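Student: Here's a structure for you.
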Amino acid sequence: MATKQKVDAVIVGMGWTGAIMAKELTDAGLNVVVLERGPDRSTQPDFAYPRVVDELEGSVHRKFLQGLAQETVTIRHSADQVAAPYRQIGSFKPGTGVGGAGTHWSGCHFRALPEDFSLRSNVVQRYGRNFIPEEMTIQDFPVTYEDLEPHFDHFEYVCGTSGRGGVIKGTRQEGGNPFEGSRSRDFPLGPNPDYLGAELFYKAAGEAGYHPFPIPASNASGPYVNPYGCQIGKCNFCGFCSDYGCLNYSKASPNICILPVLRQRKNFELRTHAQVLRVNLDDTKTRATGVTYLDGEGREVEQPADIVLLCAFQLYNVHLMLLSGIGTPYDPVSNTGTVGRNYSYQNLNRVVLFFDEEVQANPFIGIGGGGVTFDDLNGNQLDNGKAGFVGGGIIWARQPGAGPIRGINVPKGTPGWGSDWKKAVKESFRHNFYYEVQGACMSYRQHYLDLDPTYKDGFGRPLLRMTFNWHPNEVKAAQFLVGKAVDMCKTLNPKTISAESKEPGAKYNTTQYQSTHTCGGAIMGADPKTSALNRYLQSWDVHNVFAPGANAFPQNNGYNPTGMVGALAYWSAKAIREQYVKNPGPLVQA
Ligand SMILES: Cc1cc2nc3c(=O)[nH]c(=O)nc-3n(C[C@H](O)[C@H](O)[C@H](O)COP(=O)(O)OP(=O)(O)OC[C@H]3O[C@@H](n4cnc5c(N)ncnc54)[C@H](O)[C@@H]3O)c2cc1C
Ligand code: SF4
């Protein structure tokens, strides 16, 4: 096996967290190598017009997503089942290649609410300990909104996020989210224009007494230069946003917002087609010595390093920790161990509104992250005691672009083929909007990640196994939020409304897309008995391993995760630069 020269830091994965970490650590003068399993990708030539606007290639054949033949996960609903491999992209869409899922994401860019950080204490204080079901393992984050505010802000400025601040330096602002945590300044760009469905949503939400505001979107509403000097262009609503790289330098991605700077640096090296197999530990098992990877020729290579950063996406961070013996695997029977614990997801449901021909929805026009939402049923605005479940959610109007293959909505009861289907498509395609209901997802003792005892990947390693199903708490939440969405939409007088909500007994369906907001498995916490990482995303067990990503969330809130993922990466990088590099060792004493 070839051994490379030792570096200060090796980063596994070149998505959002990998790019942030590489920028911050090279700023501090460290020599950094990034190992990315997929190919290199840039706007030119990979996302260039007209080639990229191909729904068959991008959204059906999943050109930019992780291929599942070499590496995937297995999934089951409960511990008494045999898990089956996730062989076709369905419920979630992991990325591969430079930029990771940060190239084909949509761009909705939220901050968590202040109360999301202390969920467990907050629920206990408001509704009493008994309100939390026994098997629900929600925890407080070991950081606060105030700790992360500068990092939320910086990440928004790196991304050119377009929105309208609702509370700036403690003062409410007209048209923004009145319930958000106080921000130090407004978004770098104002909101994107509204499409018709968003205008109607404003009307319906306003009439229902809610407080609608523009979704913070990392899809630029105007030309912009970020703090690193990277240029971003105005979004043209091309409609090929989620699932695709942006043709227009408008959707924030590691590729356009950070890599142009990194690629100039002598202390930065990016190796693509480099599949990391494991993190290597010394004999004490408390220090990593580097990683072993397969290069593009299939040769095993060792990369020694003083610091190892796992930036491989939530699922693969947990996988690498389990494969490498970093921390103790979680055991749901004894409720001990930490790696794999508190897996959670997102609770996505939707409502489709069909109108007459005079309502020109034109859903082929679209922008991934833009639109409108409200927080009146999220965080402390919702009376969970009355609603009867833990966690809240948002309802939003979002139109990422409907293609002719996968973007067709027809009213419930329409046959799946034949002349009646064609007639319904003709009548509906240009005259429907969908409004999504995106809810929080709690963590439970029985939902976890571990190594599959049966299936191996193409490299001979056990696959990651996911044990997950919908809990009655999330079914109740879905029904409540979808009910509110339907009530609100009736004021718009659509011809029909198709509401899709989870029903009691609903099983997790891996074939239907439900967001790539997979969370937990290597969570951050204040107690090493119930968390794999400390408040700086540093492994409690192996002090020179850090694992930024949504794996750190003890449970998921009602928002999309990446605003929080980016802020946590900046927070962790600051601790590495300012504390760890000077004095390597645990940053928090167990
Ligand atoms: C279709 C879609 C829409 C989305 N929309 C939104 C949205 O609107 N808002 C939002 O907040 N979030 C959204 N997300 C989620 C968002 O993309 C992720 O939260 C974000 O990209 C996570 O960053 P990351 O650095 O953890 O992982 P990624 O950005 O995925 O990067 C991980 C990288 O690690 C590499 N890697 C993995 N394993 C290895 C290995 N063993 N060796 C070497 N390299 C490895 C991968 O190839 C990948 O490039 C969306 C995701 C998808 C797929
Ligand atoms: S909709 Fe806008 S941000 Fe999205 S891919 Fe098209 S131009 Fe880029």
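Student: Tell me the residue from Thr284, Thr289, Thr328 that is out of contact with any strand residue (DSSP E or B) (no Cβ under 9 Å at 6 or more places or on another chain), among the hydroxyl-bearing types (Ser, Thr, Tyr) and open to solvent by 10 Å² or more (accessible area, probe 1.4 Å), please.
Tutor: Unique residue meeting the criteria: Thr284.
Student: List every residue pair whose Cβ atoms sit under 7 Å apart, with the two residues 6 or more apart in sequence or on different chains, where the first one lies in segment 546-570 and is in contact (Cβ under 8 Å) with a residue 60 or more places away in the chain and under 22 Å from Gln381 (Cα atoms) and the second, anywhere, is assigned to a loop (DSSP other than H, G, I, E, B) and within 16 Å of ligand 2 (Cβ to nearest atom).
Tutor: The qualifying pairs are Gly563/His109.
Student: A further question follows. Anything in segment 19-65 that is of a type in the set (S, T, N, Q) and out of contact with any Lys or Arg (no Cβ under 8 Å at 6 or more places or on another chain)? List them, or say none.
Tutor: Taking segment 19-65 and keeping what is of a type in the set (S, T, N, Q), we get 26, 31, 42-44, 59.
Hits for segment 19-65 are Asn31, Ser42, Thr43, Gln44.
Student: Can you tell me which residue among Ala19, Ala48 is within 16 Å of ligand 2 (Cβ to nearest atom), in contact with a Leu (Cβ under 7 Å, 6 or more places away or on another chain) and among the small types (Gly, Ala, Ser)?
Tutor: Of Ala19, Ala48, the one residue that is within 16 Å of ligand 2 (Cβ to nearest atom), in contact with a Leu (Cβ under 7 Å, 6 or more places away or on another chain) and among the small types (Gly, Ala, Ser) is Ala48.
Student: Counting only residues that are in contact (Cβ under 8 Å) with a residue 40 or more places away in the chain, closer than 23 Å to Gly460 by Cα and of a type in the set (A, V, I, L, M, F, W, C), how many does segment 66-89 have?
Tutor: Matching residues across segment 66-89 total 5.
Student: Let me spell it out: the conditions are (1) away from ligand 1 (no atom under 16 Å from the Cβ); (2) part of a loop (DSSP other than H, G, I, E, B), and Ala402 meets all of them except one. Which number is the exception?
Tutor: The single condition Ala402 does not satisfy is (1).
Student: Going residue by residue through segment 392-403, is there one that turns out to be at negative phi, open to solvent by 10 Å² or more (accessible area, probe 1.4 Å), more than 27 Å from the chain's Cα centre (by Cα) and not aromatic (Phe, Trp, Tyr)?
Tutor: Checking segment 392-403: not a single residue is at negative phi, open to solvent by 10 Å² or more (accessible area, probe 1.4 Å), more than 27 Å from the chain's Cα centre (by Cα) and not aromatic (Phe, Trp, Tyr).
Student: Looking at the structure I just gave you, is Phe131 closer than 17 Å to Asn557 by Cβ and in contact (Cβ under 8 Å) with a residue 40 or more places away in the chain?
Tutor: Taking the combined requirement at face value, the residue does not satisfy it.
Student: I'd like the residue in segment 272-296 that is within 12 Å of ligand 1 (Cβ to nearest atom), polar (S, T, N, Q) and part of a strand (DSSP E or B) and, out of all such residues, is farthest from Asp457 (Cα to Cα).
Tutor: Thr292
Student: Next up: Restricting to segment 370-391, and then to whatever is open to solvent by 30 Å² or more (accessible area, probe 1.4 Å) and touching a helix residue (DSSP H, G or I) at 6+ places or on another chain (Cβ under 8 Å), can you tell me which residue is nearest to ligand 2 (Cβ to nearest atom)? Walk me through how you get there before you give the answer.
Tutor: We begin by selecting, within segment 370-391, every residue open to solvent by 30 Å² or more (accessible area, probe 1.4 Å); these are 380-381, 383, 385-386.
If we keep only those that are touching a helix residue (DSSP H, G or I) at 6+ places or on another chain (Cβ under 8 Å) as well, we get 380, 385.
Details: Asn380: 33, Gly385: 40 Å.
By that ranking, first place goes to Asn380.
Student: Which ones in segment 90-99 are in a loop (DSSP other than H, G, I, E, B), open to solvent by 10 Å² or more (accessible area, probe 1.4 Å) and not charged (D, E, K, R)?
Tutor: Listed by number, the list holds a single entry, Thr96.
Student: Oh, and also: Asn509 - would you say it is within 22 Å of the chain's Cα centre (by Cα), open to solvent by 50 Å² or more (accessible area, probe 1.4 Å), modelled with pLDDT of 95 or more and not hydrophobic (A, V, I, L, M, F, W, C)?
Tutor: yes
Student: Any idea which of Arg164, Arg111 is charged (D, E, K, R), modelled with pLDDT of 95 or more, within 19 Å of the chain's Cα centre (by Cα) and not in a helix (DSSP H, G or I)?
Tutor: Numbers: Arg164 fails: within 19 Å of the chain's Cα centre (by Cα).
Just one listed residue meets the conditions, Arg111.
Student: Further question on the same structure: Give segment 255-264 a look and list any residue that's open to solvent by less than 40 Å² (accessible area, probe 1.4 Å), away from ligand 1 (no atom under 11 Å from the Cβ) and assigned to a helix (DSSP H, G or I), or say none. Show your work before the answer.
Tutor: So the first thing to find is which residues in segment 255-264 are open to solvent by less than 40 Å² (accessible area, probe 1.4 Å), and the list is 255-259, 261-262.
Retained after the next criterion (residues that are away from ligand 1 (no atom under 11 Å from the Cβ)): 256-259, 261-262.
Of everything in segment 255-264, those that are open to solvent by less than 40 Å² (accessible area, probe 1.4 Å), away from ligand 1 (no atom under 11 Å from the Cβ) and assigned to a helix (DSSP H, G or I) turn out to be Ile256, Cys257, Leu259, Val261, Leu262.
Student: Within segment 339-369, restricting attention to residues that are modelled with pLDDT of 95 or more, in a loop (DSSP other than H, G, I, E, B) and out of contact with any helix residue (DSSP H, G or I) (no Cβ under 7 Å at 6 or more places or on another chain), which residue is farthest from Lys476 (Cα to Cα)?
Tutor: Going through the qualifying residues, I end up with Ile367.
Student: Among residues belonging to segment 221-254 that are of a type in the set (A, V, I, L, M) and touching a residue at least 12 places away in the same chain (Cβ under 8 Å), point out the one that is nearest to ligand 1 (Cβ to nearest atom).
Tutor: Ala252
The values are calculated or read from the model by the stated rules, or taken from the named source; none is laboratory data. What you see is a predicted model; the values in this text were computed from it and never measured. Backbone-built Cβ (ideal geometry, glycine too); neighbour counts: all protein chains shown. All accessible areas refer to the heavy atoms of the entire protein, side chains included, with ligands and DNA or RNA removed. Shrake-Rupley method; radii C 1.70, N 1.55, O 1.52, S 1.80 Å.
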